[in-house]
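Here's the structure we're looking at; comments come further down.
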Amino acid sequence: MILIVDSGATKSDWIALDDKGNQLFLTQTLGLSPEVLTKEVIEDRLANNFELSKNREQVTHLYFYGAGCGTDRMKIFLREIFKDFFPNAKADVKEDTYAAIFATTKIGTQGIVCILGTGSNCSYYDGHQLFQKVTSLGYIPMDDGSGNFFGRKLIRDYYFHKMPQDLGIKFAKEYNLEADHIKENLYKQPNPNTYLATFARFLIENKEHPYSKGVIDKGFQQFINNYIMQFELATKVPINFVGSIAHYLRDELVTVLERNDLIVGVIRQRPIEGLVEFHRENM
C-alpha cells in the first residue's frame, strides 16, 4: 500500500493506492506541521484516524509533502514519528512546495510555483530542480498574501479602528473578538497560524466591499513584490498556484498578476489530485 499525503498547516489529505495505482481510500487529518506541533500532538492525530490506524502495518511507501518540512531537522523529526506509526513503510518527506510543483508543472517544464493557503511560499522549478530565493521564517514575519496574513490584517484593522464601521459590525457578529479569546488562541493554543487564517473567510465572503478589495489587492501585490519578483525569469514563465486563498480569490489574483505582466499558469485549490496523477505516472 502506498500513502500520498498533502499536509498543510490546517489539514492533511491522505490517499492510499495499491501497487497498480488503484485508490483504496481517501481520508483527512488535521495539519501535521512539525514547526508548530509537538511529537505527541502529531502522534495523536495519526492514531485518532480510523483508516490510518487500521492500515498502518500494510503501508510500504509513504510520500509526505508538508508545510514546515523545509529543513533536514524537521524531515528527520517526522520520519522518526512515521517509522514508529507505519513500521513497514519507507517514508519520503518533502516540503509542501514539491506537492505544488508536481500538481501544477510537468517534469521538464519551467515555471514559478506558489502556495497561497494558510501560509505562503514561492519557488522556481527549472523542470528538474527546485530553487528558492526566500527562506521562510514562518507565519509571524512572512507568509505574505496568505490566509493568516489576511487574518492578522483584519484583526489589526478592527482593533486600530481602520476597518469601515459597517464591515466592523458584521465582523464582530461573526467572530469572538474579545481580547482574551484572541490572545488565548494566539499564545496558548496550538496552530496560531491556522487560527489567524480562519478570519480570511470573512474577507473572501465580503470581497466586493471596497475595503476588502483594497486589502486583497495590496496583499497579493506584496506577495508578488517580495516573492515572485525575486526571480529574474518571473515575467517569462508561467506562475502556478495551489491553495485555498489562490482558489477562492482567483479573479482578484489574476488581475494583480496581469497588472504586473506575469503569465497566469495553473491554479488549484488542493494539490492532492495532481500528486496522485504524478505518482501513478511514476510508479
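The values are calculated or read from the model by the stated rules, or taken from the named source; none is laboratory data. Computed from a prediction, not measured in an experiment: that's the story for all the values here. No Cβ is skipped: glycine too gets one built from the backbone with ideal geometry, and neighbour counts run over all protein chains shown.
Of note:
- None of 211, 187, 195 is among the hydroxyl-bearing types (Ser, Thr, Tyr) and over 21 Å from residue 31 (Cα atoms) except 211.
- Of the residues screened, residue 5 is one that is more than 25 Å from residue 187 (Cα to Cα) and either under 16 Å from the mean Cα position of the chain (by Cα) or touching a residue at least 40 places away in the same chain (Cβ under 8 Å) (or both).
- Here residue 277 qualifies as part of a helix (DSSP H, G or I), modelled with pLDDT under 95 and more than 27 Å from residue 141 (Cβ to Cβ).
- Top-ranked residue in segment 59-79 [being part of a helix (DSSP H, G or I) and without any contact (Cβ under 8 Å) to a residue 24 or more places away in the chain; ranked as surrounded by the most Cβ atoms within 10 Å (Cβ to Cβ)]: 75
- Any hit, segment 253-266, residues being touching a residue at least 60 places away in the same chain (Cβ under 8 Å), outside any helix (DSSP H, G or I), in contact with a Ser or Thr (Cβ under 8 Å, 6 or more places away or on another chain) and surrounded by fewer than 20 Cβ atoms within 10 Å (Cβ to Cβ): yes
- Residue within segment 50-63 that is at pLDDT 95 or above and within 21 Å of the chain's Cα centre (by Cα) present: yes
- Residue satisfying condition, being in a helix (DSSP H, G or I) and either aromatic (Phe, Trp, Tyr) or farther than 30 Å from residue 40 by Cβ (or both), within set 170, 236: 170
- Flag for residue 197 being among the small types (Gly, Ala, Ser), closer than 16 Å to residue 112 by Cβ and crowded, with 19+ Cβ neighbours inside 10 Å: no
Here's the yes/no breakdown for (1) surrounded by 14 or more Cβ atoms within 10 Å (Cβ to Cβ); (2) at pLDDT 95 or above:
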residue	(1), (2)
142	yes, no
155	yes, yes
161	no, yes
174	no, yes
180	no, yes
193	yes, no
201	yes, yes
229	yes, yes
234	yes, yes
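- Filter result for residue 94 (more than 25 Å from residue 274 (Cβ to Cβ), surrounded by 12 or more Cβ atoms within 10 Å (Cβ to Cβ) and among the basic types (Lys, Arg)): no
- Subset of segment 182-191 that is part of a helix (DSSP H, G or I) and of a type outside the set (A, V, I, L, M, F, W, C) - its residue that is surrounded by the most Cβ atoms within 10 Å (Cβ to Cβ): 185
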